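Only one structure is covered here, and it is reproduced in the block below.
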Amino acid sequence: MGRYVEGQDRTPNVLFPERLDDWIHEDSTVRVIDVFVDELDLRKLGFQRADPSATGRPGYSPATLLKTYVYGTLNRVQSSRRLEIEAQRNLELIWLTGRLAQDFKTIADFRRDNGEAIRKVCKEFVLLCRRMKLFTDGIVAIDGSKFKAVNNRDKNFTDRKLQARIEQFEDSIKRYLVKLDRADRDATAVLPGRVAQLREKIAKVKQQMQALDAIGEQMKSSEDGQISLTDPDARSMATSGRGTGIVGYNVQTAVEAKHHLIVAHEVINVGHDRGQLADMARLAKAATGEEELIALADRRYYEGYDILECERAGVAAVVPAPMTSNNLAEGLFDERDFVYDAKNDEYRCPAGRIAIYRFTTEEAGKTQHKYWSSECPQCPLKPQCSKGKYRRIARWEHEDILEVVQQRLEGAPEAMKLRRQTVEHVFGTLKSWMGSSHFLTRTLPRVRTEMSLQVLAYNLKRTIKILGAGPLMAAMKA
Ligand code: SF4
């Protein structure tokens with residue numbers, strides 16, 4: 001006769017070992033969290049109630065609440081209500097908190113009131129990784145990804161969406177009015193009670209249109225012409241899929257190439273990555289402490305002043321230029337067909353002619369030097385080169401920096417592959433942990449705190465995998 005492994009009898013008084021500690025494996029993640037938080041200087045990090053008050057009813061220690069949150073994030077129990085339940089039945093959490101089953105409000109208030117301090121805790125862990133010499137390669141990959149906010153798409157309005165919605169309502173009203181007209185002409189053509197129903201519908205749609213008008217008014221004072229009703233900071237953003245978009249936030253990360261740890265991150269509510277390179281590179285450089293850092297990014301980050309700032313900050317950017325040349329699209333030679341001679345400050349064109357410096361001008365906030373050849377009008381290649389009389393070549397005053405970046409890229413053909421391998425899976429992991437709706441909190445400061453907890457959990461998990469729980473705890477205590 002077959003049999004199963006038998007569980008223990010539930011009726012004896014002692015079912016668990018006498019010591020709760022015996023139930024927690026010595027290499028358990030929960031022990032790492034315990035040691036990590038115990039080693040933090042919570043007062044220095046700015047946690048409220050880091051010093052217990054001398055009078056009144058004692059409150060919960062911020063250490064206990066922080067441990068609860070870090071544990072919850074690591075185990076995909078992010079909501080404060082679920083954490084309250086887990087704190088009563090989950091042995092690891094009971095062990096971690098010393099059986100202090102806090103209610104959900106205490107847990108939620110802690111996160112709300114200590115946002116900045118929690119964000120600093122994430123940085124503290126990055127510093128620990130740096131002390132453990134985990135960032136020795138001096139290479140980071142920078143990338144951004146869109147994460148969904150609590151705000152539903154229907155509760156986000158742009159001018160275009162608002163107009164579309166108003167047109168829909170106007171069409172509905174027209175349809176109802178046609179039906180009412182028909183009923184007026186022939187009362188037998190509609191069911192009894194239908195007229196009243198139609199009038200009700202028209203009144204309702206009119207009300208909704210008034211609400212849209214109010215949103216339109218609000219939108220006029222919004223900086224970027226968008227309104228989100230549930231989470232006012234969330235923004236409609238295009239994603240990489242064609243015709244797809246989300247209402248959410250743009251999470252920027254810098255991931256070091258050796259162990260794939262997130263060294264710096266930021267949450268912004270603009271839907272593009274242009275203009276983020278220098279800020280992220282600076283954050284990454286400060287976090288890794290590297291004298292010289294290489295930052296890999298894709299072409300969405302290509303921006304002249306940003307690259308210049310990176311170079312000035314000691315970060316060597318490796319970023320491909322975007323393939324958006326108007327000349328190329330029109331079948332004409334593009335800038336890459338013209339070779340610059342720095343010594344003589346002139347260009348050699350595809351016909352081998354010399355385009356000399358003519359004048360300097362200001363265009364879109366950039367100082368541009370202009371060059372052209374006097375031989376253009378007689379040139380046999382002109383149909384492939386210019387639609388005007390002369391082919392003018394513009395050179396940004398800091399173009400030499402962009403040329404260095406291009407040479408760097410050509411000298412490292414694997415750079416973009418390394419970038420993809422380093423940073424892209426990190427977003428996949430974070431999104432799968434956060435679930436299909438990603439952020440649970442609203443407004444930028446709270447979303448930033450939520451993201452910091454996720455990044456801390458990611459780095460903790462990854463570091464345990466790299467070093468093992470025991471050595472990591474020993475390093476924390478050192
Ligand atoms: S049109 Fe002018 S710039 Fe273009 S190839 Fe001819 S000479 Fe050179």
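Summary of the geometry: region 82-144 and region 189-234, compared by the centres of their Cα atoms, lie 42 Å apart. Computed from the Cα positions only, the extents of region 326-397 along the three principal axes stand at 32, 27, 20 Å, in decreasing order. Please say if region 156-308 is rounded, prolate or oblate, where rounded means a/c under 1.5 for a ≥ b ≥ c the square roots of the C-alpha gyration tensor eigenvalues, and otherwise the choice is prolate for a/b larger than b/c and oblate otherwise? Prolate shape, in that a/c is at least 1.5 and a/b is the bigger ratio.
Each of Thr288, Thr230, Thr55 was scored by other Cβ atoms within 10 Å of its Cβ. Listed from fewest to most, they are Thr55, Thr230, Thr288. Based on C-alpha pairs under 8 angstrom that are at least 6 apart in sequence, region 153-228 has a relative contact order of 54 percent.
Every pair of different Cα atoms in region 153-228 enters the Kirkwood calculation, which places the hydrodynamic radius at 14.0 Å. The residues Glu292, Glu450, when put in order of fewest to most other Cβ atoms within 10 Å, stand as Glu292, Glu450. Applying a threshold of 27 Å to the alpha-carbon distances of Lys146/Lys285; Lys220/Lys431; Lys148/Lys204 flags Lys220/Lys431; Lys148/Lys204 as lying beyond it.
Per-residue extension of 0.36 nm, minus the Cα-Cα distance of Asp22 and Lys370, leaves a gain of 117.7 nm for this segment. Rg/Rh for region 358-415 stands at 1.12; both radii use Cα atoms, and Rh follows the Kirkwood definition.
Among Arg182, Arg57, sorting on how many other beta-carbon atoms sit within 10 Å of each Cβ, with the fewest leading, yields Arg57, Arg182.
Other residues whose C-beta falls under 14 angstrom from the C-beta of Arg299 contribute a net charge of -1, scoring Lys and Arg +1 and Asp and Glu -1. Each Cα pair of the chain feeds into the Kirkwood radius, which the Stokes-Einstein equation turns, at 10 °C and 1.306 mPa s, into a diffusion coefficient of 58 µm²/s.
For region 326-397, relative contact order (Cα pairs under 8 Å, six or more residues apart, normalised by length) works out to 25 percent. Assuming R0 = 41 Å, what is the FRET efficiency of Ala342 and Ser437, from their Cβ-Cβ distance, to the nearest 0.05? My answer for the efficiency is 0.15. Spacing of the modelled spin labels on Asp41 and Ala164, each 7 Å from Cα toward Cβ, amounts to 5.4 nm.
Any read-out appearing in this document is the output of simple, stated calculations on the displayed coordinates, not a laboratory observation. Just so it is clear, the model here is predicted, and its values are computed rather than measured. Cβ: placed from backbone, ideal geometry, glycine included. Neighbour counts: every protein chain shown.
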